[in-house]
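The values are calculated or read from the model by the stated rules, or taken from the named source; none is laboratory data. Keep in mind that what you see is a predicted model, and the values were worked out from it rather than measured. Every residue, glycine as well, gets a Cβ built from its backbone with ideal geometry; the counts of neighbours run over all protein chains shown. Ligands, DNA and RNA are excluded from the accessible area calculation, which covers all protein heavy atoms including side chains. Shrake-Rupley method; radii C 1.70, N 1.55, O 1.52, S 1.80 Å.
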Amino acid sequence: MKAETYISVDIEADGPIPGPYSMVSFGMTVAGRMKGRTFERCAPDAATFYAELRPISDDYDPAALAVSGLDRDVLLREGRLPAEAMNAAAAWIAEVCGNTLPVLAAFPLSYDWMWIYWYFMKFTGQSPFGHSRCIDIKTLYAAKAGVPVAWSTKRQMPREVRSARRHTHHALDDAMEQAELFQNLMLWRGGERSAAAHSVTEEA
């Protein structure tokens, strides 16, 4: 069985769904590799990819766009063409993964996967991650901690698994933050203690 390379991905968008709205930026970093049953960390800032994209439609939600801090007029003039950026991203993934299988990791997966998969399929015709090679960091925590998904926000996670990096809403910063969280969770063995702590909290 091939080893897997986990790519932490974060995206910023100007609306809720791709197509009617646009992905304005995305960041990727190599979070680690799994060889057999052994997980190996990778420095989050060692291998990264970042792009700011030209919008694909006239529609946008100002509040959603404001989250990223990016200027729409600048993106319209200077943003990378989506086809060029997605092909460059696919080439980067192929380079950093080598003969391993790329797996996308995100928090929450449902949002970032929706955009990245749609953009890859729309602008390159295929996804480096196939149609399902992905892992949800939120679900990973819920399963390891033995708690409901609703208890899986970052604020509810124990300090030992959280990243020391700030969440800035810059796609590459946040991809690196997610990478550290993912690494910590992959190596974490504190699920029973965490579940017990939640139980005490709920009963108090």
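Condition first: at negative phi and assigned to a loop (DSSP other than H, G, I, E, B). Now tell me which residues in segment 114-139 satisfy that.
Thr124, Gln126, Ser127, Pro128, Phe129, His131, Ser132, Arg133 - these are the residues of segment 114-139 that are at negative phi and assigned to a loop (DSSP other than H, G, I, E, B).
Name the single residue, out of those in segment 51-80 being out of contact with any Pro (no Cβ under 8 Å at 6 or more places or on another chain) and among the hydroxyl-bearing types (Ser, Thr, Tyr), that is nearest to Ala171 (Cα to Cα).
Ser68
Based on this model, can you work out whether Glu84 counts as free of Cβ contacts under 8 Å to residues at least 60 places away in the same chain, closer than 30 Å to Gly36 by Cβ and either hydrophobic (A, V, I, L, M, F, W, C) or open to solvent by 30 Å² or more (accessible area, probe 1.4 Å) (or both)?
Judged against the criteria, Glu84 is not a match.
Kindly provide the set of residues from segment 162-184 that are touching a helix residue (DSSP H, G or I) at 6+ places or on another chain (Cβ under 7 Å), surrounded by 21 or more Cβ atoms within 10 Å (Cβ to Cβ) and not aromatic (Phe, Trp, Tyr), ordered by number.
Within segment 162-184, Gln178, Leu181 meet the criteria.
Please go through (1) open to solvent by 60 Å² or more (accessible area, probe 1.4 Å); (2) under 25 Å from Glu180 (Cα atoms) for Leu101 and return the number of the only condition it doesn't satisfy.
Going through the list (1) open to solvent by 60 Å² or more (accessible area, probe 1.4 Å); (2) under 25 Å from Glu180 (Cα atoms), Leu101 breaks only (1).
Under the condition of being small (Gly, Ala, Ser) and open to solvent by less than 40 Å² (accessible area, probe 1.4 Å), which residue from segment 116-139 is farthest from Ala91 (Cα to Cα)?
The selected residue is Gly130.
I'm told Thr201 meets every condition in (1) under 13 Å from Ser8 (Cβ atoms); (2) modelled with pLDDT under 95 except one. Can you identify the failing condition by its number?
(1)
Give the residue that is least open to solvent (accessible area, probe 1.4 Å), with candidates limited to residues of segment 28-76 that are under 15 Å from Met186 (Cα atoms), assigned to a loop (DSSP other than H, G, I, E, B) and touching a residue at least 12 places away in the same chain (Cβ under 8 Å).
Pro44
Take segment 140-150 and flag every residue that is touching a helix residue (DSSP H, G or I) at 6+ places or on another chain (Cβ under 6 Å), outside any loop (DSSP other than H, G, I, E, B) and open to solvent by 30 Å² or more (accessible area, probe 1.4 Å).
Of everything in segment 140-150, those that are touching a helix residue (DSSP H, G or I) at 6+ places or on another chain (Cβ under 6 Å), outside any loop (DSSP other than H, G, I, E, B) and open to solvent by 30 Å² or more (accessible area, probe 1.4 Å) turn out to be Lys144, Val149.
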